[in-house]
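The values are calculated or read from the model by the stated rules, or taken from the named source; none is laboratory data. Because the structure is a prediction, the values reported are computed rather than measured. Cβ sites come from the backbone with ideal geometry, for glycine too, and all protein chains shown count toward neighbours.
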Amino acid sequence: MPRAGAAGKSSDRTDIFGATYGRHMANDIPKHADFSDLSAVFLNGTLKPSPETSNTQGLMDRSIALMRDLGVSVETLRLVDYDIAPGVYPDMTEHGASTDEWSAKVWPLIDAADIVVVGGPIWLGDNSSITRRLIERLYAMSGETQDNGQYVYYGKTGGAVFTGNEDGVKHVAMSTLYSLQHIGFVIPPGADCGWIGEVGPGPSYLDPDSGGPENDFTNRNTTFMTWNLLHVARMLKDAGGIPAVGNVRAEWDDGKRFGFDENPEYRQPRS
């Protein structure tokens, strides 16, 4: 591979994803980075119904704009705009709820997406009630399976975006990303971004003079998160997802153990 800047040689370099970087780049975007067959959905747990200003949406929109510039099909929605019942079943009308728009209006967007980004505001150092309800409803679907027998989130990539004041951005990202990986999502490195203001009352991300949209740390993390989500989603799609070996529930229920030793004591040396 040519060394960048070497005299008399090309300054281009090609990474492991086949993307070529160097003098042929336009706007710092690799010319061979093709994400046009990927889809993403951003799920905003704001407490503010549309069309009120959502600071979390403002930060999400930075990642969304980059994805769309790269040809990704992106959907975004606020959970508070929908009548989503609390609970941990796919359709809560079958468990006492009078209405539940989850299955008809929200779940199809998640089911179709390669990338799912969960976000919301931070209140008292923690997730909003809407974000927590979203996590519970995502968990409600985790027992569903794909055609290959794997759980439904296998092969999807997950990320997190949060805004607030004072503190809590890493705490809520930690909780959210743990939940996503536990139910089957693949979490890339640097899969979260956020912005928080100073301790005490003060401006929110989109407020004038907040410094949020200009914050280099937030902008860097948002950019890195977006690209890492795309890179991992690209690898998963090209590989056909996670191999369906050793992780199919129906096969476990049928008695297969995939090499797991249920009686390891016989291997121990006798005293």
>> Can you tell me how many residues within segment 203-217 are more than 18 Å from Gly168 (Cα to Cα) and either outside any loop (DSSP other than H, G, I, E, B) or of a type in the set (D, E, K, R) (or both)?
In response: 4
> Which residue pairs have Cβ atoms under 7 Å apart, sit 6 or more places apart or on different chains, and have a first residue in segment 207-225 that is of a type outside the set (D, E, K, R) and a second that is assigned to a helix (DSSP H, G or I)?
Replying inline: Gly212/Thr218; Thr222/Leu59; Thr222/Arg62; Thr222/Ser63; Thr223/Leu66; Met225/Ser63
> Out of the residues in segment 179-237 that are among the aliphatic types (A, V, I, L, M) and surrounded by fewer than 16 Cβ atoms within 10 Å (Cβ to Cβ), which is modelled with the highest pLDDT?
Replying inline: Met235
> Pairs under 8 Å by beta carbon, first residue free of Cβ contacts under 8 Å to residues at least 24 places away in the same chain in segment 143-159, partner surrounded by 20 or more Cβ atoms within 10 Å (Cβ to Cβ) and not in a loop (DSSP other than H, G, I, E, B), six or more apart or different chains?
Replying inline: none
>> Take Ser36 and tell me if it is modelled with pLDDT of 50 or more, among the polar types (S, T, N, Q), out of contact with any strand residue (DSSP E or B) (no Cβ under 7 Å at 6 or more places or on another chain) and part of a loop (DSSP other than H, G, I, E, B).
In response: yes
> Which residue, of Pro86, Pro51, is over 20 Å from Thr218 (Cβ atoms), surrounded by fewer than 17 Cβ atoms within 10 Å (Cβ to Cβ), in contact with a helix residue (DSSP H, G or I) (Cβ under 7 Å, 6 or more places away or on another chain) and modelled with pLDDT of 95 or more?
Replying inline: Pro86
> Among the residues of segment 179-202, how many are assigned to a helix (DSSP H, G or I) and out of contact with any strand residue (DSSP E or B) (no Cβ under 6 Å at 6 or more places or on another chain)?
Replying inline: 3
> Which of the residues that make up segment 137-148 are within 16 Å of the chain's Cα centre (by Cα) and farther than 16 Å from Gln181 by Cβ?
Replying inline: Arg137
> Of all residues in segment 68-77 being outside any helix (DSSP H, G or I) and without any contact (Cβ under 8 Å) to a residue 40 or more places away in the chain, which is surrounded by the fewest Cβ atoms within 10 Å (Cβ to Cβ)?
Replying inline: Gly71
>> Tell me yes or no: at least one residue of segment 91-113 is under 14 Å from the mean Cα position of the chain (by Cα) and buried (at least 18 other Cβ atoms within 10 Å of the Cβ).
In response: yes
> Would it be correct to say that Leu124 is of a type outside the set (Gly, Ala, Ser) and at pLDDT 95 or above?
Replying inline: no
>> Here's a check for you: in segment 149-178, which residue that is at pLDDT 95 or above, on the phi < 0 side of the Ramachandran plot and part of a loop (DSSP other than H, G, I, E, B) is surrounded by the fewest Cβ atoms within 10 Å (Cβ to Cβ)?
In response: Val152
